[in-house]
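S.K.: Dropping a structure here in structure tokens format, bear with me for questions.
We did not get these values from a lab; they are worked out from the coordinates using the rules stated. Values in this document were obtained by computation on a predicted structure and should not be read as measured data. No Cβ is skipped: glycine too gets one built from the backbone with ideal geometry, and neighbour counts run over all protein chains shown.
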Amino acid sequence: GENVEQHPSTLSVQEGDSAVIKCTYSDSASNYFPWYKQELGKRPQLIIDIRSNVGEKKDQRIAVTLNKTAKHFSLHITETQPEDSAVYFCAASSTGNQFYFGTGTSLTVIP
Amino acid sequence: DVKVTQSSRYLVKRTGEKVFLECVQDMDHENMFWYRQDPGLGLRLIYFSYDVKMKEKGDIPEGYSVSREKKERFSLILESASTNQTSMYLCASSFWREGYNEQFFGPGTRLTVL
């Protein structure tokens, strides 16, 4: 099956700086890569996703890049704000029904 | 707005009890999932279902079973609860969109087994 690794497990940045979270996957059949944000005590919510036919996708201050050859994808958050503090999960899925999640990154934005 | 609800936010049970966790979604999604979330381990799939009465084992099915009698409802059953099943349980549902799935999560049930 698929194996998704996520790094780092914790990340602290100063407000206004950028944050980068990286994930690798093992199954070349995976073709959908969502990122979820989970605030303390709340459910995970999709913040951005990317398909395997796209190399990069942006949505305001967040962007995701995908390198299919190297089997890794990354989340980039620019101009971080305190409300970006949360746990972020990457995931990978093929056209089947299963999602494989990374172990999560706890991001703290220091005001 | 997609709504995925779970029957309880917090639950305390004793070792050996049979425990039912219920999940309901209101968007006619084909797929439903049960995960457990533990610190440092991320989200681990217990079971999923892609249709009524259909179920597939995930990565950690031992000690759990599921039931999906209606499309909108997916139940997780702990036949005989044990302390190592103390965890946060998250239900999710998804649908096909342009050939891919997007998952929507419920609020979670924090289960404590004493």
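S.K.: So if R0 is 25 Å, what FRET efficiency would B:Glu79 and B:Glu30 give, r being the distance between their Cβ atoms, rounded to the nearest 0.05?
M.R.: For R0 = 25 Å, the calculated efficiency reads 0.40.
S.K.: Only Cα pairs under 8 Å and at least 6 apart count here; give the relative contact order of region B:1-59 as a rounded whole percent.
M.R.: Computed value for region B:1-59: 24 percent relative contact order.
S.K.: Tell me the volume per residue, in Å³, of the convex hull enclosing the alpha carbons of chain B.
M.R.: Values: hull volume 11.3 nm³, N = 114.
It comes to 99 Å³ per residue, whole-number rounded.
S.K.: Mind giving me the FRET efficiency for B:Asp59 and A:Asp59? R0 is 35 Å, r the Cβ-Cβ distance, nearest 0.05 is fine. Before the final figure, lay out the partial values.
M.R.: Numbers: r = 30 Å, r/R0 = 0.86.
Efficiency, rounded to the nearest 0.05: 0.70.
S.K.: Sorted from largest down, what three extents in whole angstroms do the Cα atoms of chain A have along their principal axes?
M.R.: Largest first, chain A extends 41, 27, 19 Å along its Cα principal axes.
S.K.: Provide the per-residue ³J(HN,Hα) series for region B:63-74, in order, calculated from phi with Karplus coefficients 6.51, -1.76, 1.60 and θ = phi - 60°, each as a whole number of Hz, with x at glycine and proline positions.
M.R.: Once rounded to whole Hz, the list reads x, 10, 9, 9, 9, 9, 8, 10, 4, 7, 10, 9.
S.K.: Along the Cα-to-C-beta direction of A:Asp17, a point sits 7 Å from the Cα; which residues of region A:80-107 have their amide N less than 19 Å from that point?
M.R.: Backbone N within reach: A:80-88, A:105-107.
S.K.: Between B:Thr112 and B:Arg14, what is the label-point separation in nm under the 7 Å Cα-to-beta-carbon projection?
M.R.: Once both label points are built, they end up 1.6 nm from each other.
S.K.: Taking every pair of distinct Cα atoms and averaging 1/r, then inverting, what Kirkwood hydrodynamic radius in Å comes out for the protein assembly as shown?
M.R.: When all Cα pairs of the protein assembly as shown are included, the Kirkwood radius is 18.0 Å.
S.K.: Normalised by the number of residues in chain B, what is the relative contact order in percent for Cα pairs under 8 Å and 6+ residues apart?
M.R.: Across chain B, relative contact order equals 35 percent.
S.K.: Here's a follow-up. Return the FRET efficiency for the residue pair A:Gln45, A:Gln81: r is the Cβ-Cβ distance, R0 is 22 Å, and the value is rounded to the nearest 0.05.
M.R.: Values: r = 17 Å, r/R0 = 0.76.
Calculated value: 0.85.
S.K.: Can I ask one more? Less than 12 Å Cβ to Cβ from A:Thr80, Lys/Arg counted +1 and Asp/Glu -1: what total charge do the surrounding residues give?
M.R.: Residues near A:Thr80 contribute -4 overall.
S.K.: Using only the Cα atoms of region B:1-58, what semi-axes does the equivalent ellipsoid have when each is the square root of 5 times a gyration tensor eigenvalue? Give whole Å, largest first. Let's see the in-between values first.
M.R.: Values: eigenvalues 90, 46, 39 Å².
Computed over region B:1-58, the values are 21, 15, 14 Å.
S.K.: Apply the Karplus parameterisation 6.51 cos²θ - 1.76 cosθ + 1.60, with θ equal to phi minus 60°, to every residue of region B:101-114 and state each ³J(HN,Hα) to the nearest whole Hz, in sequence, with x for glycine and proline.
M.R.: Once rounded to whole Hz, the list reads 9, 10, 9, 10, 9, x, x, x, 10, 8, 9, 10, 10, 8.
S.K.: Separate question: If each residue's Cβ is checked for other Cβ atoms within 10 Å, how do B:Tyr50, A:Tyr25, B:Tyr10, A:Tyr32 rank with the fewest at the top? Write out the running numbers ahead of the final one.
M.R.: Values: B:Tyr50 16, A:Tyr25 23, B:Tyr10 9, A:Tyr32 20.
So the ranking, lowest neighbour count to highest, is B:Tyr10, B:Tyr50, A:Tyr32, A:Tyr25.
S.K.: Evaluate peptide B:28-38: per residue, the Cβ atoms of other protein chains within 10 Å of its Cβ; return the mean as an integer.
M.R.: 2
S.K.: Express in whole angstrom the spacing between the alpha-carbon centres of region B:64-114 and region A:62-90.
M.R.: Region B:64-114 and region A:62-90 have Cα centres separated by 26 Å.
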